[in-house]
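The numbers here are math on the coordinates, done by the rules we state, and not lab data. In this text the structure is predicted, and so the values were computed from the model without any measurement. Cβ coordinates were reconstructed from backbone atoms using ideal geometry, including for glycine residues, and neighbour counts include every protein chain displayed.
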Amino acid sequence: MSFSISKQDDVVVVDVEGQLIVGNRQELKQKVLDELERGEKKFLIDFSQTGYIDSSGLGVLVSLSKKIREQGGELRLANLNDDLQTLFELTKLDTLFQISDTRERALESF
Amino acid sequence: MALPRVALDVEIPSDVKYIEEVVELATRQCRELHLPSHKCSLNLPVALSEALSNAILRGNAQGNGKYVRVTATVSDDAVVFDVADQGPDFDMIAERIDPTTPENVMREQGRGLFLMYRLMDHVEHIRDHGNVVRLTLRRE
């Protein structure tokens, strides 16, 4: 499991490779908060290479969403597979996040 | 009808770094038993992760020298996972909240038990020298 960060124009793109769970959620949180502190405002988390997400991983996404918004920024999600889509629907987090089918559509949505 | 058999029996220290490995072992069993694919890729990994997190972080409070044991028992119609810690009793029902209500959806915590109950066919809390959370997944 790992997180890689890249920049596409003015959007910080985070790829979640593997699981987003209690054992690694702090790493994701810190990486995004570091970018936010540097003044970045637009964030996209891409789940195309993600296995599963547990409740603490979902909690970190909620936390990041709040912190980014507090700083006047935006967080978008992309590439949820069917399982992850089900997870977001079950928890009603699909109503909280702007979710795109593809990375390209998510980037265009900013 | 075949007798239930133990398909998995592992014991891990109280550290969340072991969760992924145990979930991977359980998921492999799930696939070998030809359970529906969403049960192996979503229901089991998430629910078992939650049960393990609870056992490590809350049950055992990450205590040194405390262990969490996971067993999987397979019968003709179900796979039953027992996640046992060595911690004090807790009231699982009382701690459940509905994280989908408008006042709770923005909360950062409180989805673990909800997901366990929603993703498993049956969840049971047994007190036996610690807590045992029993997760039942039907094979159909």
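A few remarks follow.
- Among the candidates B:Asp76, B:Asp89, residue that is among the acidic types (Asp, Glu) and either in contact with a strand residue (DSSP E or B) (Cβ under 8 Å, 6 or more places away or on another chain) or part of a strand (DSSP E or B) (or both): B:Asp89
- Candidate set from region A:7-55 (those that are assigned to a loop (DSSP other than H, G, I, E, B), of a type in the set (A, V, I, L, M, F, W, C) and within 14 Å of the chain's Cα centre (by Cα)); member that is surrounded by the most Cβ atoms within 10 Å (Cβ to Cβ): A:Ile21
- Options B:Asn104, B:Asn64, B:Asn54; residue that is within 14 Å of chain A (Cβ to nearest Cβ), assigned to a loop (DSSP other than H, G, I, E, B) and out of contact with any Phe, Trp or Tyr (no Cβ under 8 Å at 6 or more places or on another chain): B:Asn104
- Conditions (1) facing another protein chain (nearest Cβ under 10 Å); (2) closer than 28 Å to B:Ala26 by Cα; (3) more than 13 Å from the chain's Cα centre (by Cα); number of the one not met by A:Thr95: (2)
- Each residue in region A:33-67 was checked for being of a type in the set (Val, Ile, Thr) and more than 9 Å from chain B (Cβ to nearest Cβ), and 2 pass.
- Criterion violated by B:Asn131 - all others in (1) away from chain A (no Cβ under 14 Å); (2) of a type outside the set (Val, Ile, Thr); (3) free of Cβ contacts under 8 Å to residues at least 60 places away in the same chain satisfied: (3)
- Whichever residue in region A:68-84 is assigned to a helix (DSSP H, G or I) and surrounded by 15 or more Cβ atoms within 10 Å (Cβ to Cβ) and, among such residues, is nearest to the other protein chains (Cβ to nearest Cβ): A:Asp83
- Matching residues, region A:14-69, being touching a Leu at 6+ places or on another chain (Cβ under 9 Å) and of a type in the set (Val, Ile, Thr): A:Val14, A:Val16, A:Val22, A:Val32, A:Ile45, A:Thr50, A:Ile53, A:Val60, A:Val62, A:Ile68
- Scope region B:107-125; condition within 22 Å of A:Phe97 (Cβ to Cβ), touching a residue at least 12 places away in the same chain (Cβ under 8 Å) and in a loop (DSSP other than H, G, I, E, B); matching residues: B:Gly110, B:Arg111
- Some residue of region A:70-83 being within 23 Å of B:Leu119 (Cβ to Cβ), of a type in the set (Asp, Glu) and touching a residue at least 12 places away in the same chain (Cβ under 8 Å): yes
- Residue identified as closer than 28 Å to B:Leu57 by Cβ, acidic (Asp, Glu) and touching a helix residue (DSSP H, G or I) at 6+ places or on another chain (Cβ under 8 Å) among A:Asp83, A:Asp46: A:Asp83
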